[in-house]
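Encoded as structure tokens, the structure appears first; notes follow it.
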Amino acid sequence: MSTEPAAPAEPAAPAEERPDRAQYGVCAFLAVVGVLVLIDAARTDPATNSNDPIGPRPVPILIGVLLLIVAVLYAIDVARGGRGEPEGGEDVDPGSPIDWRTVVLVLAAFALNAVLIEPLGWVISGSLLFWGTAFALGARRHLVSLAVAVTLALATFYGFAIGLGVALPAGILQGIL
């Protein structure tokens, strides 16, 4: 009988990692979207005027080319065995049940916004949307949430009107805003 301890078993050789072939689908999707954007940009009328000397084509062309570049670089990364890191920073228990109350309240806030945006206008319906979403997600300082919601709705209303030249519905506040 031997009193010597048994030698530890040698660790198994690591299995050779193969590329995640599903990621090639993402690469293909990016490439198809890039090509579609380029085709659409090529069909866009190249009209220019004194306010817009470069016209509407350069930005979609740039986005299409960048999408194609990202698709190629991503395919190269996948071929070399690159993998995304799994999410580790969130404090979420994947086994916990869905909080249906929150989901229903957020959906109700969006539905209410869709119904009320024309008759009441963006500022009122947007305020209800922002406040309702904050309430659904757990905000309990209702007056502060309402003040922030009204501020956000007014900021987006004027941001669209002044910054983009897009008129959001004013509703019952027509002439006041």
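The values are calculated or read from the model by the stated rules, or taken from the named source; none is laboratory data. Keep in mind it's a predicted model, so treat the numbers as computed, not measured. Ideal geometry is used to build each Cβ from the backbone, glycine not excepted, and the neighbour counts take in all protein chains shown.
Selection of the range 114-127 for residues being buried (at least 20 other Cβ atoms within 10 Å of the Cβ) and over 12 Å from Ala170 (Cβ atoms) yields only Ser127. Of all the residues that make up the range 133-157, how many are more than 18 Å from Leu168 (Cβ to Cβ) and small (Gly, Ala, Ser)? Total satisfying the criteria: 6. Exactly one residue among Gly175, Gly165 is small (Gly, Ala, Ser) and under 30 Å from Ala41 (Cβ atoms), and that residue is Gly165. Being at pLDDT 70 or above, among the β-branched types (Val, Ile, Thr), over 30 Å from Leu146 (Cβ atoms) and surrounded by 13 or more Cβ atoms within 10 Å (Cβ to Cβ), is that true of even one residue in the range 71-85? Within the range 71-85 (the criterion being at pLDDT 70 or above, among the β-branched types (Val, Ile, Thr), over 30 Å from Leu146 (Cβ atoms) and surrounded by 13 or more Cβ atoms within 10 Å (Cβ to Cβ)), the answer is yes, since at least one residue qualifies.
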